[in-house]
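Here the structure is laid out as C-alpha cells; the discussion comes afterwards.
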Amino acid sequence: MERPKLRFIDVIPFEQDGQDLILLRDAEGVVENALAVSREVAFMVALMDGTRTLRDIQAEFMRASGEMVYIERIEELVKVMDENLLLESERYDRHIKSLRDEYCSSPVRKAYLAGKGYASNRMELLSFLADLFDGSAARPAPARQIAGILAPHIDYQRGVAVYREIYPYLRGAAKPLIVIFGTCHRPTDRLWSISLKDFETPLETIPCGQGLRELIEANELLKGYVDEWPHRAEHSIELQLPLIQFMVEEDFEILPILTGSMHEYVGGLKGTDAEEVRLLVENLKGVLEAYGKPWLILSGADLAHIGAQFGDRYPLDPMTLESSRHKDEAILERVRNVDAEGFFQAVKSEGDSRRICGLTPIFFQLKLLEGCTSDIVSYDQWTDGQSSVSFAGGVFYR
C-alpha cells in the first residue's frame, strides 16, 4: 500500500505502567479489537492521510523526531493497521460490504452491546437492573401526561445516579409508542437516520409497528431519512432499551432516530429556521398523528465532554469542572423552558467548545414538544480527574 489512508477512528490517550500510550479504536463498530501504540507510532499513523507515500512518512517522522526509522518498520505498521481494518483498503471494503449486506437484510437489529456494555444473559441483566433501581424513590402518579424523557447515554456504571432518578418516571406514562432520539457518534450524511427495524435486547425484541413503518415509507420526506446502517453499533439508543423494558410492563413500540451533527448550524452556515428542520418536525408530527397511538419523545443525550480524552490541553481542576457545571445549568434552563432555539443558541454561543454531543437530539426533542412543560430532576458530572462527561435527567409534561 503506497499511500495508506487512515479511516475515521477514535484516538484515546492513556497511561499504563508509567508509559504514555495511544489507543486506536474503530469508531464505527466494524472492528472489535483496538490497538495500543506509543506516541511515536501514533505520530506516524496520523501521517497516513492518503497523500503521503511511505517514504514521505519516513522523512516527516525523522524531521520531526530527529530519530531514524527504517522503511521496513513503516511497512510493518501499515500491514498491522490494514489487518486490523483501520485503513481504507480493499480488505476493509470487502469486510464492510459483507457486514452491511448481512445487517441490512435482517428485519431485527441485534443487541450490539450485550455482553460488552451490559449482561447478555436475561436473568443477569434483570438482576443488574433490579440492583440499579433498588432504593429509587417511587414516583407519584403525575397530574399531567408525560410527554417526554431526557436521559443520558453514558454507560450505566458512570450514569447510574441520573438513570436511577429519571427512569422511574416512565412508570406513570402512557407509552404505546416511544420515539427515541439518540446521538450518532459516527459521521452521517443526514440530520436524521431513521430505523424501521425491530430492536433486540436480552429481555425481548421491541417492535417498530408495521403501520408506523408503512406511514414513514409512504412519506415523501421521511422515507429519504431511513438509514439503517448507522444504528448497527450505536449505543445512544440501545442503552435506553433495557431500562425502558424494566420500567414498562405493557407492550410498546419504538421509533429509533439517530441524529447527526449540527456543526453547520453552530458555525453559522445554516439557521435553525432552515426548511429541513421545519419539514422534519412537521412530517414526523403528521406521521405520529396519523398513526394515532399515544406517544412520547425520549432522548438519549449527554452534555459536556471535556478534558484530555477529548483533546483539551488545559488541566481538569475543580474550577474547570465548576465552570462547566454553571454552563450546563444555563443550557438546562432552556431545556426546562422547552425552548429549542434558546437551547441551541446557548450551545452555539460557546462555539460548542465543550462538545455537547446531545445538541441535536435534545434540540429536536424540544422542537417536537413545544408547548409542554419540563422539570430537570437530576444532573451529574462523571470525572476520572483527567476527563469529564456531564448529563442530566428531565421529564416533560403535556
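The values are calculated or read from the model by the stated rules, or taken from the named source; none is laboratory data. Please read these numbers as outputs of a predicted model, since none were measured by experiment. Ideal geometry is used to build each Cβ from the backbone, glycine not excepted, and the neighbour counts take in all protein chains shown.
Counting the residues of region 316-362 that are out of contact with any helix residue (DSSP H, G or I) (no Cβ under 7 Å at 6 or more places or on another chain), in contact (Cβ under 8 Å) with a residue 60 or more places away in the chain and among the acidic types (Asp, Glu) gives 2. Got at least one residue in region 47-54 being farther than 20 Å from ARG313 by Cα and assigned to a helix (DSSP H, G or I)? Yes, there is a match, as at least one residue in region 47-54 is farther than 20 Å from ARG313 by Cα and assigned to a helix (DSSP H, G or I). Selection of region 217-247 for residues being under 18 Å from LEU296 (Cβ atoms) and in contact with a Lys or Arg (Cβ under 6 Å, 6 or more places away or on another chain) yields only MET247. Comparison of GLU76, GLU60, GLU40 shows that the only residue that is in contact with a Ser or Thr (Cβ under 9 Å, 6 or more places away or on another chain), in a helix (DSSP H, G or I) and free of Cβ contacts under 8 Å to residues at least 60 places away in the same chain is GLU40. Would you mind stating whether GLU28 is assigned to a loop (DSSP other than H, G, I, E, B), closer than 30 Å to PRO230 by Cα and touching an Asp or Glu at 6+ places or on another chain (Cβ under 9 Å)? When the stated conditions are applied, GLU28 does not pass them. You will find that of GLU220, GLU238, GLU214, the residue that is in contact (Cβ under 8 Å) with a residue 24 or more places away in the chain and not basic (Lys, Arg) is GLU238 and no other.
All of GLU276, GLU264, GLU238 fail the test of being farther than 28 Å from GLN345 by Cβ, assigned by TED's automatic domain parsing to the domain that holds LYS367 and among the acidic types (Asp, Glu), apart from GLU238. Condition check: of a type in the set (Asp, Glu) and within 30 Å of LEU279 (Cβ to Cβ). Does GLU333 satisfy that? Considered against the rule, which asks whether it is of a type in the set (Asp, Glu) and within 30 Å of LEU279 (Cβ to Cβ), GLU333 comes out as yes.
Restricting attention to region 171-198, report how many residues are at pLDDT 95 or above and either closer than 14 Å to LEU298 by Cα or assigned to a strand (DSSP E or B) (or both). Qualifying residue count, region 171-198: 11. Checking each residue in region 109-127 for being over 21 Å from the mean Cα position of the chain (by Cα) and surrounded by 16 or more Cβ atoms within 10 Å (Cβ to Cβ) picks out LEU125, LEU126.
Yes or no, residue by residue, for (1) touching a residue at least 24 places away in the same chain (Cβ under 8 Å); (2) of a type in the set (A, V, I, L, M, F, W, C); (3) in a loop (DSSP other than H, G, I, E, B):
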{"site": "VAL80", "(1), (2), (3)": "yes, yes, no"}
{"site": "ARG94", "(1), (2), (3)": "no, no, no"}
{"site": "LEU99", "(1), (2), (3)": "yes, yes, no"}
{"site": "ASP131", "(1), (2), (3)": "no, no, no"}
{"site": "ILE149", "(1), (2), (3)": "yes, yes, no"}
{"site": "HIS153", "(1), (2), (3)": "yes, no, yes"}
{"site": "GLY159", "(1), (2), (3)": "yes, no, no"}
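All conditions in (1) in a loop (DSSP other than H, G, I, E, B); (2) closer than 27 Å to LEU215 by Cα; (3) in contact (Cβ under 8 Å) with a residue 24 or more places away in the chain hold for GLU249, with the sole exception of (3). Among the conditions (1) loosely packed, with under 14 Cβ neighbours inside 10 Å; (2) touching an Asp or Glu at 6+ places or on another chain (Cβ under 9 Å), the only one that TYR70 does not satisfy is (2). For region 164-182, the set of residues classified as buried (at least 19 other Cβ atoms within 10 Å of the Cβ) and among the hydrophobic types (A, V, I, L, M, F, W, C) consists of ILE166, LEU170, ALA173, LEU177, ILE178, VAL179, ILE180, PHE181, listed by residue number. Residues in region 192-204: is at least one assigned by TED's automatic domain parsing to the domain that holds SER390 and without any contact (Cβ under 8 Å) to a residue 12 or more places away in the chain? So far as region 192-204 goes, no, none of its residues is assigned by TED's automatic domain parsing to the domain that holds SER390 and without any contact (Cβ under 8 Å) to a residue 12 or more places away in the chain. Applying the condition of being buried (at least 19 other Cβ atoms within 10 Å of the Cβ) and aliphatic (A, V, I, L, M) to region 216-232 and asking which residue is farthest from LEU126 (Cα to Cα) yields LEU222. Of all the numbered requirements in (1) without any contact (Cβ under 8 Å) to a residue 40 or more places away in the chain; (2) over 26 Å from ILE254 (Cα atoms); (3) surrounded by fewer than 23 Cβ atoms within 10 Å (Cβ to Cβ), GLY371 misses one, and that requirement is (2). Selection of region 199-212 for residues being surrounded by fewer than 18 Cβ atoms within 10 Å (Cβ to Cβ) and not in a loop (DSSP other than H, G, I, E, B) yields THR205, GLN210, GLY211. Take the conditions (1) in contact with a Lys or Arg (Cβ under 9 Å, 6 or more places away or on another chain); (2) at pLDDT 95 or above; (3) not small (Gly, Ala, Ser); PHE310 misses just one of them, which is (2).
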